[in-house]
């Protein structure tokens, strides 16, 4: 609050902005940790679909709604939601404020070029791409707005992005306030290239146990498409209205709504009704999971008659589900994190996610550097578990393939790792191959 004017830097004033430049440290980590020997899948990454809403609007079928959106705008403070946000921290996150200045080749869609650029810098081979402003769409009171925009965005993403780049996949947004619309969306887009599953944004006020959703779950189970619950927040939750700081809403909101859905999912015996449906919990951290396991087990053992559909403790069902890392609580007490990993069977059930380019993103090193993980555990979390869950192939980036060849040639010449890393940095800056 009392920062001196002389130490303030405006990232938006950088006329030569590039994600490769901003992520120099990430690229160096990727090189020195030899990520080219790992297959890394990012299960929660984002782009700003609002940068292309003029394109997406052409996919909105209702001409009246299309015109309304065109004039009211697209985002958290427009037709989509009444909710305010301070996620961008007043423009101080360069990877957000500078994205409109970054140059991209004209022959490839801009989002494909820029997305691959940051993926290569961080050492990531494949991502599951989600929208950003649209994640608050579930709080919009007008069902037709959510339905139309969810379908328009899904069609646009499939046609414009997923069909043209195999390294970019997605779990498509479901208009969860309308179960029938969810079914129609799965029928229309579930078989499209790059669609790995479907996703619900957590701030919804309909219970996931309602009978209207059973056809949706059965369809996803039959098709082998995982269902994800993506954490988010809303200041309009009645309890959260007591908070006077965004940090408070953010800290609890992302976990709270997934806690609610998890409790409903387990205690209504949905894992028993749909045993082959894979369920994934995204962007809500990990610290809440042991808490919910213990609370539900304790309640269940005292009132088992209220959950006649369960055949085992709630925590046992939770251990069969999947979770993503970000935002992983990197507290000083690593014993708590290690115990959490053990309780959720992280070696087989945890999937790395970055949440890039958001302000609280995590690099792959948050997993790679954990001292209590085995080498195989790191490989599983960084990519192997995602391969198993989604049935995706190993697809190493061109950057990693070039680095492997360059490293072999460099070591044959007697180069050291630091010398090779400097070489990679220089080549990346010049936009050339990394071969020595």
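The values are calculated or read from the model by the stated rules, or taken from the named source; none is laboratory data. Source: prediction; values computed, not measured. Positions of Cβ are backbone-derived with ideal geometry, glycine not excepted, and every protein chain shown enters the neighbour counts.
Quick notes
- For residue 338: the one exception among (1) part of a helix (DSSP H, G or I); (2) in contact with a helix residue (DSSP H, G or I) (Cβ under 7 Å, 6 or more places away or on another chain); (3) surrounded by fewer than 19 Cβ atoms within 10 Å (Cβ to Cβ); (4) touching a residue at least 24 places away in the same chain (Cβ under 8 Å): (2)
- Matching residues in the range 379-413 - criterion: being within 30 Å of residue 277 (Cα to Cα), without any contact (Cβ under 8 Å) to a residue 60 or more places away in the chain and buried (at least 19 other Cβ atoms within 10 Å of the Cβ): 380, 381
- Within the range 408-427, being closer than 24 Å to residue 118 by Cα and touching a helix residue (DSSP H, G or I) at 6+ places or on another chain (Cβ under 6 Å) holds for 420, 421, 424.
- Taken residue by residue, the range 39-50 has no member that is modelled with pLDDT of 80 or more and loosely packed, with under 15 Cβ neighbours inside 10 Å.
- Subset of the range 295-315 (residues that are surrounded by 13 or more Cβ atoms within 10 Å (Cβ to Cβ) and either within 29 Å of the chain's Cα centre (by Cα) or touching a residue at least 12 places away in the same chain (Cβ under 8 Å) (or both)): 295, 296, 297, 300, 307, 310, 313, 314, 315
- Complete set of residues in the range 322-335 that are buried (at least 20 other Cβ atoms within 10 Å of the Cβ) and more than 17 Å from residue 360 (Cα to Cα): 322, 323
- Residue count for the range 307-335, restricted to those that are under 16 Å from residue 389 (Cβ atoms) and either outside any loop (DSSP other than H, G, I, E, B) or in contact with a helix residue (DSSP H, G or I) (Cβ under 6 Å, 6 or more places away or on another chain) (or both): 4
- When the range 109-156 is limited to residues that are without any contact (Cβ under 8 Å) to a residue 40 or more places away in the chain and not in a helix (DSSP H, G or I), the one that is surrounded by the fewest Cβ atoms within 10 Å (Cβ to Cβ) turns out to be 141.
For every residue, the table says whether it meets (1) in contact (Cβ under 8 Å) with a residue 12 or more places away in the chain; (2) in contact with a helix residue (DSSP H, G or I) (Cβ under 7 Å, 6 or more places away or on another chain); (3) buried (at least 17 other Cβ atoms within 10 Å of the Cβ).
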{"position": "206", "(1), (2), (3)": "yes, no, no"}
{"position": "228", "(1), (2), (3)": "yes, no, yes"}
{"position": "242", "(1), (2), (3)": "no, no, no"}
{"position": "248", "(1), (2), (3)": "no, no, no"}
{"position": "277", "(1), (2), (3)": "yes, yes, yes"}
{"position": "293", "(1), (2), (3)": "yes, yes, yes"}
